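FYI, it's all coordinate maths here, none of it is from the lab. In this text the structure is predicted, and so the values were computed from the model without any measurement. Counting neighbours? That spans all protein chains shown, and the Cβs are built from the backbone with ideal geometry, glycine included.
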Amino acid sequence: MQFDFDLAQFIPFRDKDACARVRAIRRADICNHPNPDFHIRVIDDADEFFLAFALDIVQRMQAAAEEGREFVVILPCGPMAQYDKAVEIINQLRIPMGHVHTFNMDELADQDGSSAPGDWPGSFQHAMWSRFFSRIDTELRPPGSQIHFPSSANIGDYGRRIADLGGADVCYGGIGWCGHVAFWEAHLGDEFADLDEYCRAGARVVELHPMTIMQTALHHGGDWSMVPPKAVTIGPAEVLGCRLRSFWLNVNLGGVSWQRFIGRLVAFGPVNQWVPGSILQLGRTDYTLVGAVADDL
């Protein structure tokens, strides 16, 4: 017996045929993408996945140094295990990072759009310093002036700061439950007349989508009262302005990889403004899935 129903009203993307099509994509076919610039691979072992992630960052950083140029990178706060491995590699091999300029992609904010202070334990800035930057030996670490975090004070010109350095070499990231990249949320698509206008939108303060509140609460034992309602974040313009996008999907919380569906919709669904990650199909993108994300739905 069939049961037909409308999607819940808070879900912005409402093409049920597209959802059914990507839901049917089997693991055996998931690396076959029609766009030759959109490269998908699967790494089954989680430890190998995070090592590959760390090596990707370090090797690109080293390549820039060998070429005598600055390395500008947009970084996510999560997952974090790749940073543990990157720290070990950098410190053991004594890799200097004086040429590296990092820009974190987002930060949580309160109801007024004021970003979380860096010393708040729940802030992304706090997490990045405690898990990555502070653990790199001082003589190897980038100067503090080259480590950037978005805030309510600088979000208006955050994109310009990246552009002033010639744009980012690579934007690393993952995909949120609603399809977000950084905290650029699914419902923001309603604000734009068309996809071209949407893709030009830059860094700003945003209201978090209900799915994102719940997704983030999973990191706090399901406590949604621990999740602030807004964020400061880069936008589509900053994501598409990078020379490469390198996205890593690994989420497996409570034994469930909810990225199985949204990872497929982002990669194989229509490019549109209500699935933010779908814009990755518009440029050179490496898209790496841990095995549980690639598995059949």
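Exposed loop sites here are chymotrypsin sites (Phe, Trp or Tyr not before Pro) assigned a DSSP state other than H, G, I, E or B and surrounded by at most 14 other beta carbons within 10 Å; excluding them, the longest clear run of the chain is 11-297.
The 3J(HN,Hα) values that the Karplus relation (6.51, -1.76, 1.60; θ = phi - 60°) gives for region 269-275 are, in residue order, x, x, 6, 7, 8, 9, 10 Hz. Gly and Pro appear as x.
Using the alpha carbon gyration tensor of region 52-191, what are the three equivalent-ellipsoid semi-axes (square root of 5 times each eigenvalue), largest first, in whole Å? After diagonalising the Cα gyration tensor, the semi-axes are 26, 17, 15 Å. By the Cβ distance rule of under 4.7 Å, the chain has these cysteines without a partner: 19, 31, 77, 178, 199. As a test of the formula, what do you get for the chain when each DSSP H run with n ≥ 4 contributes -39,500 (n - 2.57) and the sum is divided by the residue count, at 222 nm and rounded to the nearest 500 deg cm²/dmol? The helix contribution divided over the chain gives -8500 deg cm²/dmol.
Nearest 0.05, what FRET efficiency do residue 47 and residue 20 give at R0 = 35 Å with Cβ-Cβ as r? So the FRET efficiency works out to roughly 0.50. For region 146-223, the Kirkwood hydrodynamic radius from C-alpha pairs, put into Stokes-Einstein at 20 °C and a viscosity of 1.002 mPa s, yields a diffusion coefficient of 149 µm² per second.
From largest to smallest, the equivalent ellipsoid semi-axes obtained for region 60-129 from the alpha-carbon gyration tensor read 28, 15, 9 Å.
Residues in region 227-235 carry Karplus couplings, in order, of 9, x, x, 10, 7, 9, 8, 5, x Hz; the curve used is 6.51 cos²θ - 1.76 cosθ + 1.60 with θ = phi - 60°, and Gly or Pro positions show x. Mean sequence separation of contacting Cα pairs (under 8 Å, at least six apart), scaled by the length of region 37-294, corresponds to a relative contact order of 25 percent. Sorted ascending by nearby beta carbons within 10 Å, beginning with the fewest, 123, 152 become 152, 123.
Estimated at 0.36 nm per residue, the fully extended path between residue 197 and residue 220 surpasses their Cα-Cα distance by 4.7 nm. Taking Cα centre as origin and charging only the Cβ of basic (Lys, Arg, +1) and acidic (Asp, Glu, -1) residues, the dipole magnitude of region 226-289 rounds to 40 debye. Close amide H contacts of residue 71 (hydrogens built in the peptide plane, cut-off under 5 Å, sequence separation of 5 or more or a different chain): 100, 101.
Restricting the trypsin sites (Lys or Arg not before Pro) of region 1-78 to loop positions (DSSP other than H, G, I, E, B) with no more than 14 neighbouring Cβ atoms within 10 Å leaves 14, 26, 69. Residues in region 21-34 carry Karplus couplings, in order, of 5, 6, 4, 7, 5, 7, 3, 4, 10, 6, 8, 9, 10, x Hz; the curve used is 6.51 cos²θ - 1.76 cosθ + 1.60 with θ = phi - 60°, and Gly or Pro positions show x.
Loop-located trypsin sites (Lys or Arg not before Pro) across region 227-297 with a Cβ neighbour count of 14 or fewer within 10 Å are 243, with loop assigned by DSSP.
Of the GluC sites (Glu not before Pro) found in region 42-99, those in coil by DSSP whose Cβ has at most 10 other Cβ atoms within 10 Å are 67.
Rounded to the nearest 20 debye, the dipole magnitude of region 142-240 is 320 debye, with +1 charges on Lys and Arg beta carbons, -1 on Asp and Glu beta carbons, and the Cα centre as origin.
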